Every structure is written in structure tokens, then in C-alpha cells.
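Below is one structure, written out as C-alpha cells, with a few remarks after it.
The values are calculated or read from the model by the stated rules, or taken from the named source; none is laboratory data. Just so you know, these numbers come straight off a predicted model, no measurement behind them. Because the Cβ atoms are built from the backbone with ideal geometry, glycine has one as well, and the counts that use them run over all protein chains shown.
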Amino acid sequence: MHGGLGANEALLAALRDAGGQGCPFIVCVPFPYLQQARVALEGSGIEWGAQNLSEHPAGAYTGEVSAAMLADFACRYVIVGHSERRALYGESDAQVAAKVTAAIAAGLVPILCVGESLAEREGGVTESVVERQLKAVLDISGAAALGACVLAYEPVWAIGTGVTASPAQAQAVHAFIRGRIQSWCGDAVAGQVSILYGGSVKPQNAAELFGQADIDGGLIGGASLVAGDFLSIVAAAAAS
């Protein structure tokens, strides 16, 4: 929940002027700024999307935003199940799975977030937590839906704390995720699905993280608010 018309204008202009730098990227903005992002980025090759959506197509859900509404703004992507949505707003695995279904039905690509808390990591249940979160989508929406997502691993203990999972820690979970996708959806889906790392990615650690075999990119938080920092991360991804 950052931004304003003036600050957004400067940030989006800097991203547009820099171009894709050989690496595709998406800007996911708060709902009120979707039209601003569309106007600023249309024709640039940079995609835009939203940070959340409702699982319901329409109805008496005051304050909610449907997948069809996002599609009206030419969004292609939407973040689903971000750790803050799960922790602060009580989104369950089943609700997240329903949101994935709603997004796909409207022609959007869900960026499905999974990840464990510090207590869960210290308890040695990282893999079971991540598997449970993925399996909820599989059970409700099917293997095809899971394969249609971009996946993002967020170690919750490394978000906004300045602490980053080591490249080896991140790679281990990414490899586990790809292995689960392979067992559920087959080799082809596992090979083509993108798995992003989201946990305090910064210009200083991006190259090493993106150099790992199963890390395909990043879900960038705070560093995305500074054009120079974000573009440095994009350059690291392009070079990996």
C-alpha cells in the first residue's frame, strides 16, 4: 500500500524509459492506480497487474474487486495469496485457491504466493506448509490451473525484515516446489512453470539468487519503489 499519482508517474516513466532490459517484468499496483499504470505502460512491453482480487464474480461484496473488473483495465496478472493477505486478512488456503480459479476464468495469470513463517521454518515444516498451500489449488482447481500460475516462494520471515534466505535455502525450496509440480502435473509443466523468489530481494543479492537453478525471477517488494534499485534487479535477472 504505497504510491500516489505523482510518485507513480515518476516511477512508471523511469521504468518505461529503461524498457525491458531483455527481461520481462510486471508492475502490480494498488487498485486505484490501474488506469494510470495502463496509460503509462501500454505499448511499452511492460505488463501491469493487481495485488489482489475477490474470489466472487459479482454481488453484494462491498469494497471487493472482481477478476472481470481487473480485466477491464487490461491487466494480465494478479497476485494471489500474498503472505500479508494470508496473515493480516485471514485468507485461507481454500480462499486463495478459489481466487486462482476466478483469475484464470477471467483470462488472468495468477501469481500464486506460498511460503512459511519463522516458527514453521524453525519447526522444520517448511516443505509440508508449502505443499499444503499448493495442494489446495490442485484439489480445488486441478493440475491445469496450477500449471497456469506463476508461482512465488515467499519465506515470510524474510519479507520486510531485511533478512534474506540464503541462495541455498531459497534454491532448496524452489527445487522442492518444482518437484511437487512435476509429480502432480508432469515433466512439461514442471519445466515451463516460472517460480519466483520473494523475500527481500535487493540489487546486492539479486544476481546470486537468480543464478540458482530453480529460481526463475523475483517478486520484488520494497526495492520496487526505487526505480534504480528495481532496474538493477531486472538487469541481474536478464543476465542470469
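Okay, here's what the table says:
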{"item": "Qualifying positions in region 48-72 - assigned to a loop (DSSP other than H, G, I, E, B), of a type in the set (D, E, K, R) and more than 18 Å from the chain's Cα centre (by Cα)", "result": "Glu64"}
{"item": "Tally, over region 39-82, of residues that are in contact with a strand residue (DSSP E or B) (Cβ under 6 Å, 6 or more places away or on another chain) and surrounded by 15 or more Cβ atoms within 10 Å (Cβ to Cβ)", "result": "15"}
{"item": "Residue that is assigned to a loop (DSSP other than H, G, I, E, B), touching a Gly at 6+ places or on another chain (Cβ under 6 Å) and under 17 Å from Ala235 (Cβ atoms), where the choices are Gly45, Gly22", "result": "Gly45"}
{"item": "Residues of region 17-35 classified as at pLDDT 95 or above and surrounded by fewer than 18 Cβ atoms within 10 Å (Cβ to Cβ), total", "result": "4"}
{"item": "Region 145-188, residues that are within 27 Å of Ala98 (Cβ to Cβ), buried (at least 17 other Cβ atoms within 10 Å of the Cβ) and not hydrophobic (A, V, I, L, M, F, W, C)", "result": "Gly147, Tyr153, Glu154, Pro155, His174, Arg178, Arg180"}
{"item": "In region 1-19, the residues that are under 19 Å from the mean Cα position of the chain (by Cα) and in a loop (DSSP other than H, G, I, E, B)", "result": "Met1, His2, Gly3"}
{"item": "Members of region 160-191 that are among the polar types (S, T, N, Q) and touching a residue at least 40 places away in the same chain (Cβ under 8 Å)", "result": "Thr164, Gln171"}
